[in-house]
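Contents: one structure, followed by commentary.
The values are calculated or read from the model by the stated rules, or taken from the named source; none is laboratory data. Here the structure is a predicted model, which is why all the values come from computation and not from measurement. Glycine also receives a Cβ, built like all others from the backbone with ideal geometry; neighbour counts cover every protein chain displayed.
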Ligand code: ZN
Ligand code: FE
């Protein structure tokens, strides 16, 4: 007998229900190995025997060809004596199998399925719902665990004999692929006209004809409905959707189509083509404002379902925007689409597979080679964020405007999908449903809760009610402290750290509004070491959508208002309903208005984005930064900054010059405050968090300036820097208690 060797492998990680055993089976066949595999509570155990050279190839090949959803944490290998066995066997699992509590995110169609869809000789030629173990719907169709077809939206579609055959064949790519289907047994498409009447014919071709004619088509997708149209008809879509200035995302047919419009780096290409298929913010080739986006950037994604690929045939790109009537969550239901999009859509491309869980497209940019999430949703959720400590049983309820929660399971944080602004009734309902869904799906018994300090946040009220119902402790976490802890957890830092947190608004421990905070601390405590002198907000919330009011307040408090003594002046003089806010977001709003950006903003944060793109490149001067020490804090003298800005305007400097000089001053402020914090605490690690760090003029400059001072500066890469990331920080605070 030829020389043989035998090894025993222990594989730890997520290897069950992800197509791992078929991969192993394929490799053992390819390498002529005998032996067995069996599932264990930790993962899988294998013994393999064959020619030594072949045996040696197995582990490298396995690492290379592991299924996309498998997460192999560790492989340990030992040599054992050969037994001379033949054939490869799948043995029953050993030990108490762990409760299967992993839910995969939805996976973009894989190259194998795409090939079949385009092959006229394949049984699934042009089938809009084909999928396999490596791709297809998951999170959005799963009702409960364990993950089996009958507990998904595919339960309504019993497998035909042919699909069943593949499903039970270990050598097949569809072995144990729960949502697998074909034209005989899968869901079906229908096309309805604007009146909701079904039209006879090929639904895809009918939808395409409507799109070519300039119409708007509602398309039922994976986690919700999209409104689709040709890019040149974007103004019509905007008008019907009453969506004023907010940029619209494009779905490009392929990378080449995206390249015609945008410059794409290698990392951006990787993000675009990854199985997660997020919307990636790319630099337009022509940076001028266009019908899709008023900034030099454009949100682009590639098709991620077979339906998208079919729909995009013959087009280079389509606008694809979430179909959500005025601030409501995205529509997921056929009937709701027909009612809610009546008068908006000229046609409806529907199917009869239910969307169990709503999940919007994810949005990110690539920053310094890494993903910088702006909305972590489809393709990412509910994949856990691994942490370095147990957060078992904790539930953090998040903030309000960009709501999202975090559920702790073992050392994993399970973050919810994008939910939206809770002030809206329908969104609040969606939030409550998802809280319940996550708790039951992952089988977590809640032993502690966390929420914001703000008593009016509906997430705070939800947490308080749950705490009473379940009789568990509730930790209220200051908004900016939570931001800071979120960025620490994102970077695996356990503290203590300096946190530079700049955002719109959050309630401070002194009951005023904060938002330009330099903090120092860890999960258990923090001190406030820097801020800006407060800006008064005449009319309070009215300022969020009217930057002109903030500009007036800045002028008034700098003693520079030379206009009429009108109602607003009287209000500022009397200090009536002028809550003070040390908010960086509001400072950006005010400065933007002072520099001539008068138009009322159409969405929160718009002026900060416009100011970012207003800034002239190559400006190195900065407005002077005047600091004062107040209550142990290093604070920016805001009126002095306003005065310096006005002087610049009076000297005839352009708004573009001054926008850059203002932001350069903010870089200087960041450096001064972090140095102040280092002197007070001896800390040298700085985390940057808060919505203002979506500003790509500031972020790299502040990181570099801090690094030049010998500080170690960190930014987000796994969760969003805006309020969506807050829940993770709250979770850490609750765990630190
Ligand atoms: Zn596939
Ligand atoms: Fe915030």
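With respect to residue 337, determine if the residue is within 26 Å of residue 179 (Cβ to Cβ), touching a residue at least 12 places away in the same chain (Cβ under 8 Å), in contact with a strand residue (DSSP E or B) (Cβ under 7 Å, 6 or more places away or on another chain) and buried (at least 22 other Cβ atoms within 10 Å of the Cβ).
Details: within 26 Å of residue 179 (Cβ to Cβ): yes; touching a residue at least 12 places away in the same chain (Cβ under 8 Å): yes; in contact with a strand residue (DSSP E or B) (Cβ under 7 Å, 6 or more places away or on another chain): yes; buried (at least 22 other Cβ atoms within 10 Å of the Cβ): yes.
When the stated conditions are applied, residue 337 passes them.
Got at least one residue in the stretch 513-527 being within 16 Å of ligand 2 (Cβ to nearest atom) and in a loop (DSSP other than H, G, I, E, B)? Full working, then the answer.
Quick first cut of the stretch 513-527, residues within 16 Å of ligand 2 (Cβ to nearest atom) only: 513-519, 526.
Still in the running and in a loop (DSSP other than H, G, I, E, B): none.
No: zero hits.
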Provide a single number: the residues in the stretch 232-252 that are under 18 Å from residue 281 (Cβ atoms) and at pLDDT 95 or above.
6
What number goes with the only condition from (1) touching a residue at least 24 places away in the same chain (Cβ under 8 Å); (2) outside any strand (DSSP E or B); (3) away from ligand 2 (no atom under 16 Å from the Cβ) that residue 481 does not pass?
(3)
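Within the stretch 212-232, restricting attention to residues that are assigned to a helix (DSSP H, G or I) and within 29 Å of the chain's Cα centre (by Cα), which residue is nearest to residue 107 (Cα to Cα)? Lay out the reasoning, then the answer.
Quick first cut of the stretch 212-232, residues assigned to a helix (DSSP H, G or I) only: 212, 231-232.
When the remaining residues are screened for being within 29 Å of the chain's Cα centre (by Cα), the result is 231-232.
Numbers: 231: 26, 232: 30 Å.
The qualifying residue nearest to residue 107 (Cα to Cα) is 231.
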Among the residues of the stretch 101-116, are any more than 16 Å from ligand 2 (Cβ to nearest atom), touching a residue at least 12 places away in the same chain (Cβ under 8 Å) and surrounded by fewer than 16 Cβ atoms within 10 Å (Cβ to Cβ)?
yes
Working carefully through the options 506, 495, find the one that is farther than 16 Å from residue 717 by Cβ and either in a strand (DSSP E or B) or within 13 Å of ligand 2 (Cβ to nearest atom) (or both).
506
Taking the criterion of being farther than 17 Å from residue 684 by Cβ and modelled with pLDDT of 95 or more, would at least one residue in the stretch 488-496 satisfy it?
yes
With criteria (1) at pLDDT 95 or above; (2) crowded, with 16+ Cβ neighbours inside 10 Å; (3) in a loop (DSSP other than H, G, I, E, B), residue 383 comes up short on (1)
Check on residue 121, more than 16 Å from ligand 2 (Cβ to nearest atom) and surrounded by 21 or more Cβ atoms within 10 Å (Cβ to Cβ)
no
Report yes if residue 202 is within 16 Å of ligand 1 (Cβ to nearest atom), over 30 Å from residue 415 (Cα atoms) and loosely packed, with under 15 Cβ neighbours inside 10 Å, otherwise no.
no
Residue under question is residue 672, and the condition is that it be over 21 Å from residue 514 (Cβ atoms) and surrounded by fewer than 24 Cβ atoms within 10 Å (Cβ to Cβ); does it hold?
no
Answer residue from the stretch 676-710, given it is over 29 Å from the mean Cα position of the chain (by Cα) and within 17 Å of residue 502 (Cβ to Cβ) and is surrounded by the most Cβ atoms within 10 Å (Cβ to Cβ) among those
677
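So which residues in the stretch 119-153 are within 13 Å of ligand 1 (Cβ to nearest atom) and assigned to a loop (DSSP other than H, G, I, E, B), if there are any at all? Please lay out each step first, then the result.
First, the residues of the stretch 119-153 that are within 13 Å of ligand 1 (Cβ to nearest atom): 122, 124, 127, 129-138.
Result: 122, 124, 127, 129, 130, 131, 133, 134, 137, 138.
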Taking the residues in the stretch 676-695 that are in a helix (DSSP H, G or I) and touching a helix residue (DSSP H, G or I) at 6+ places or on another chain (Cβ under 9 Å) as candidates, determine which candidate is nearest to residue 645 (Cα to Cα).
692
Those residues that are more than 16 Å from ligand 2 (Cβ to nearest atom), in contact with a helix residue (DSSP H, G or I) (Cβ under 9 Å, 6 or more places away or on another chain), part of a helix (DSSP H, G or I) and in contact (Cβ under 8 Å) with a residue 60 or more places away in the chain, I need them from the stretch 696-730; list them, please.
702
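Go through the stretch 534-572 residue by residue and tally those that are in contact (Cβ under 8 Å) with a residue 60 or more places away in the chain and within 24 Å of residue 626 (Cβ to Cβ).
Keep residues of the stretch 534-572 that are in contact (Cβ under 8 Å) with a residue 60 or more places away in the chain, which gives 534-535, 544, 547, 554-555, 557-560.
When the remaining residues are screened for being within 24 Å of residue 626 (Cβ to Cβ), the result is 534-535, 547, 554-555, 557-560.
Residues that pass the stated criteria total 9.
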